[in-house]
Amino acid sequence: MSDSLQRFLHKRLETVREAGLWRRLRTLDGPQKPEQIIDGQRVVAFCSNDYLGLAADPAVSAAAREALDAYATGAGAAHLINGHTRAHAELEQALARFTGRERALVFSTGYMANLALVQTLVGRHDTVFEDRWNHASLIDAVRLSGARSQRYRHADPEHLRQRLERAPANGHRLIVTDGVFSMDGDIAPLPQLAALAREFDAWLMVDDAHGFTVLGETGGGSCQHFGLDAGDVPILMGTLGKGFGTAGAFVAGSEALIETLIQTARPYIYTTAMPAALAAATLASVRIAEAAGDRRDHLRALIRRLGAGLDALGLPHPPPDTPIQPVILGDAARATAIAERLRQAGFLVPAIRPPTVPEGQARLRITLSAVHSEAQVNALLNALERALHASPGG
Ligand code: PMP
């Protein structure tokens, strides 16, 4: 390797290390379940987005195995060449039904789906109104689209109104928000955003990666939670690697929206389709998720239990609406120290630090799953109490 490249890379790494923001890659042996062996240590994990416990569900694995026999492993090519199988088509139909939209389109990752959507909808002469705490993939998508960006204060429709009132008259207006915020666990004020979209002739796009399967009677996400339909939220995106327990993503919307993505979205056209076995596994998980009222009830009970425990420790936490329950500790070093003590006690809870969250808002991001037990939540609370007291300044 050339000397200048080596020097450049070492300097970049030094900057990360000096800022105290070094991230460690851990290696998991075995399936994605609360009980894990990671880097050789037995732990109970409270960090996955597998909210319904479908990532290691036997019925989902069985569907994958069956589809492996039918389609083998490789997708071979992009969807528009010959990577699109009957398994993908069936999954898309199921997701359209699941979301109550005319049509759905599957992507290999959520990051790509967001790039595809935003680039398709807006360009240089348009304006995008973004919640300040939107997911990184949305922020990057807006940047790459070349559209003007107007960020409004987190979950603040009044501030969005001011932004809309002052926006240039030319071009289209797109309002983009997470449905459930991935680092804070709160739900976007979608009814108010939908009303503003109507009033200002803007288009509303919701990334409901963390809402699907968890919120709403049949897991239909934040739209179902608020009783909103396609008239309110015409552009809907979800990921498959969270509550659905597999990997990939989808966009759901009108026939015209989906066909426009197929015909024009570069991140759709120029990338390999997800393997068919993954599509078939996800079809099984969509069916389970729809009928998983018992899993959602258990999950809600765990969220309430955790909330009561955090209250007893004097730790603020979001309302018990979603399984993302961050404990904000402020200082990045403190968050890291407490996460490390928890790990030593056998609990995996990630410390989330800037730039993922704003400066001074480092936190433990506790996520719950329907396959956690109440005993595991109680044990985590006990370990957290000890970790807080052992931590300097804690
Ligand atoms: N949107 C949100 C809100 C997310 O949390 C994530 C994943 N962390 C993504 C999009 C990206 O999805 P994927 O992991 O499938 O690329």
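Where a number appears in this text, it was derived from the coordinates with a stated rule and is not lab data. Note that this is a predicted model, so its numbers are computed, not measured. Neighbour counts run over all protein chains shown; Cβ positions are idealised from the backbone, glycine included.
What ranking, highest mean first, results for peptides 322-329, 242-249 when packing means the other Cβ atoms within 10 Å averaged over each residue?
242-249, 322-329
Give me, ordered by chain and number, the residues 5 or more places off residue 53 or on other chains with an amide H under 5 Å from its own placed amide H.
For residue 53, whose amide H was placed from the backbone, the distant partners under 5 Å are 370, 371.
Roughly what % of DSSP beta bridges within the stretch 58-290 run antiparallel, to the nearest 5? Can you show the working numbers first?
Details: 11 of 28 bridges.
So the antiparallel bridges in the stretch 58-290 amount to around 40 percent.
If I stretch the segment between residue 170 and residue 3 completely, what's the gain in nm (0.36 nm per residue apart, minus their alpha carbon distance), one decimal? Could you put the intermediate results ahead of the total?
Details: separation 167, 0.36 × 167 = 60.12 nm, distance 4.98 nm.
In short, 55.1 nm is gained.
At 7 Å along Cα-to-Cβ for each site, give me the label-to-label distance between residue 294 and residue 42 in nm.
2.8 nm
Using the 10 angstrom Cβ neighbour count as an exposure proxy, how do 183, 237 rank, fewest first?
Working: 183 19, 237 28.
Least crowded to most crowded, the residues run 183, 237.
Per 5 Å bin, what is the whole-percent P(r) computed from every C-alpha pair distance within the stretch 241-394?
Histogramming the stretch 241-394 at 5 Å steps yields 2, 8, 14, 15, 15, 12, 11, 11, 7, 4, 2, 0 percent.
Which ordering of 212, 107, 181 is given by a fewest-first count of other beta-carbon atoms within 10 Å?
Working: 212 33, 107 27, 181 24.
Result, fewest neighbours first: 181, 107, 212.
Put one equal scatterer on each alpha carbon of the stretch 58-290, apply the Debye formula with no solvent term, and list log10 I(q)/I(0) at q = 0.13, 0.14, 0.16 1/Å to two decimals.
These q points yield log10 I(q)/I(0) values of -0.72, -0.83, -1.06.
For 272, 336, what's the fewest-to-most ordering of other Cβ within 10 Å of each Cβ? Don't skip to the answer; put the middle values down first.
Working: 272 14, 336 19.
With the sparsest Cβ surroundings first, the list reads 272, 336.
Taking a ≥ b ≥ c as the square roots of the eigenvalues of the Cα gyration tensor of the stretch 1-144, is the shape rounded (a/c under 1.5), prolate (a/b larger than b/c) or oblate? Write down the numbers at each step before the final one.
Numbers: a/c = 1.73, a/b = 1.16, b/c = 1.50.
Oblate, since a/c reaches 1.5 and b/c is not below a/b.
List the residues whose amide H sits under 5 Å from the amide H of residue 348, counting only those 5 or more places along or on another chain, with H placed 1.01 Å from N in the peptide plane.
Amide H to amide H, under 5 Å and 5 or more residues apart or across chains, residue 348 pairs with 44, 45, 46.
Can you work out the Karplus-derived ³J(HN,Hα) for every residue in the stretch 385-390? Use 6.51 cos²θ - 1.76 cosθ + 1.60 with θ = phi - 60°, whole Hz, and x for glycine or proline.
Taking θ as phi minus 60°, the curve returns 4, 5, 5, 5, 6, 6 Hz for the stretch 385-390.
Run through the DSSP bridge list for the stretch 75-180 and note the antiparallel percent, rounded to the nearest 5. Before the final figure, lay out each step's value.
Numbers: 0 of 9 bridges.
Roughly 0 percent of the DSSP beta bridges within the stretch 75-180 come out antiparallel.
How large is Rg over Rh for the chain, taking Rg from the Cα atoms and Rh as the Kirkwood inverse mean of 1/r across Cα pairs? Walk me through the numbers before you get to the answer.
Numbers: Rg = 21.4 Å, Rh = 22.1 Å.
On the Cα set of the chain, Rg over Rh gives 0.97.
Report the gain in length on full extension from residue 12 to residue 132: 0.36 nm times residue separation, minus Cα-Cα distance, nm rounded to one decimal. Write down the numbers at each step before the final one.
Working: separation 120, 0.36 × 120 = 43.20 nm, distance 2.66 nm.
Contour length minus Cα-Cα distance gives 40.5 nm.
For n ≥ 4 DSSP H runs only, could you compute -39500 (n - 2.57) per run for the chain, divide by its residues and tell me the 222 nm figure to the nearest 500? Display every interim value, and only then the final one.
On the way: 14 runs with 171 residues, N = 394.
Estimated from H runs of four or more residues: -13500 deg cm²/dmol.
Work out how much length residue 340 to residue 198 would gain on full extension: take 0.36 nm times their residue separation and subtract the Cα-Cα distance, in nm to one decimal.
Working: separation 142, 0.36 × 142 = 51.12 nm, distance 4.76 nm.
Extending this stretch completely gives an extra 46.4 nm.
Could you calculate the FRET efficiency of residue 311 with residue 389 from 1/(1 + (r/R0)^6), where r is the beta carbon distance between them and R0 is 22 Å, rounded to 0.05? Intermediate results must be reported in sequence, preceding the final value.
Details: r = 17 Å, r/R0 = 0.78.
Efficiency at R0 = 22 Å is approximately 0.80.
Taking H as built 1.01 Å from N, whose amide H comes closer than 5 Å to the amide H of residue 186, not counting residues under 5 places away?
181
With both partners inside the chain, how many of the DSSP beta bridges are antiparallel, as a percent to the nearest 5? Let's see the in-between values first.
On the way: 25 of 44 bridges.
That works out to approximately 55 percent antiparallel.
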